[in-house]
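All remarks here apply to the structure that follows.
The values are calculated or read from the model by the stated rules, or taken from the named source; none is laboratory data. A quick note: this is a predicted structure, and the numbers were derived from the prediction, not measured. We place every Cβ from the backbone using ideal geometry, glycine too, and count neighbours over all the protein chains shown.
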Ligand SMILES: C[S@@+](CC[C@H](N)C(=O)[O-])C[C@H]1O[C@@H](n2cnc3c(N)ncnc32)[C@H](O)[C@@H]1O
């Protein structure tokens, strides 16, 4: 499968290459506050890094100003999670905490996770031009790029700055108008989607259902 859903095994850490780490830091003004799914091989070096087995990034707090996410692309059978859970939290952190969030993910525009948490939620997308994006795999640049197309997605308020920093890496498209008109997926079945609100955002508690206490 080539839409970024089954192409990567989860026993390898496909870490962000230097050129994107530098651009992300430039975009955030040097500091990445949170990397919720870090690795011992990562060169992201966020101020707070969640790493298994100590900290599950899908249950710990995302209440940080700047967040960068390069999630596992394959399903985690042990925890019953997928990339959709990570994108859900990206959208959630921006809506709930006004976090500025960047995520590096496979282009998969026909999936429910793009339709629910990218379209109508994110500000902009950079469709990366890399023919084969060279992740750092388990600490090594293997000179072998990833087979799928990737995008940098931005949930935040500064689309102009996103364009300025990321347009050198690919085609930057603003999807901000979709958030303004409360974009509804053609697949949406329930009223939450009609309102443009994911179910977890309609709850009155200060934390999302998966999160632990704020750090
Ligand atoms: C694609 S790698 C990215 C590493 C790093 N963020 C980077 O970009 O260089 C994804 C990492 O997330 C870790 N991971 C997977 N599920 C996780 C979870 N629930 N909580 C925290 N980390 C997780 C994996 O072990 C893997 O090291």
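When you check residue 114 against the structure, is it within 13 Å of the ligand (Cβ to nearest atom) and crowded, with 22+ Cβ neighbours inside 10 Å, yes or no? No; evaluated as a whole, the condition is false for this residue.
Every residue in region 24-44 that is more than 9 Å from the ligand (Cβ to nearest atom) and surrounded by fewer than 20 Cβ atoms within 10 Å (Cβ to Cβ), please.
Answer for region 24-44, where residues must be more than 9 Å from the ligand (Cβ to nearest atom) and surrounded by fewer than 20 Cβ atoms within 10 Å (Cβ to Cβ): 25, 26, 29, 30, 31, 33.
The residue that is farthest from the ligand (Cβ to nearest atom), counting only those in region 55-70 that are in a loop (DSSP other than H, G, I, E, B), touching a strand residue (DSSP E or B) at 6+ places or on another chain (Cβ under 8 Å) and within 13 Å of residue 101 (Cα to Cα), is 65.
The single condition among (1) modelled with pLDDT under 95; (2) within 25 Å of residue 41 (Cβ to Cβ) that residue 153 does not satisfy is (1).
Note on region 71-82: residues that are more than 9 Å from the ligand (Cβ to nearest atom) and under 21 Å from residue 152 (Cβ atoms) total 2. Test residue 104 against the stated conditions and say whether it is within 15 Å of the ligand (Cβ to nearest atom) and either free of Cβ contacts under 8 Å to residues at least 24 places away in the same chain or crowded, with 23+ Cβ neighbours inside 10 Å (or both). So residue 104 fails the test.
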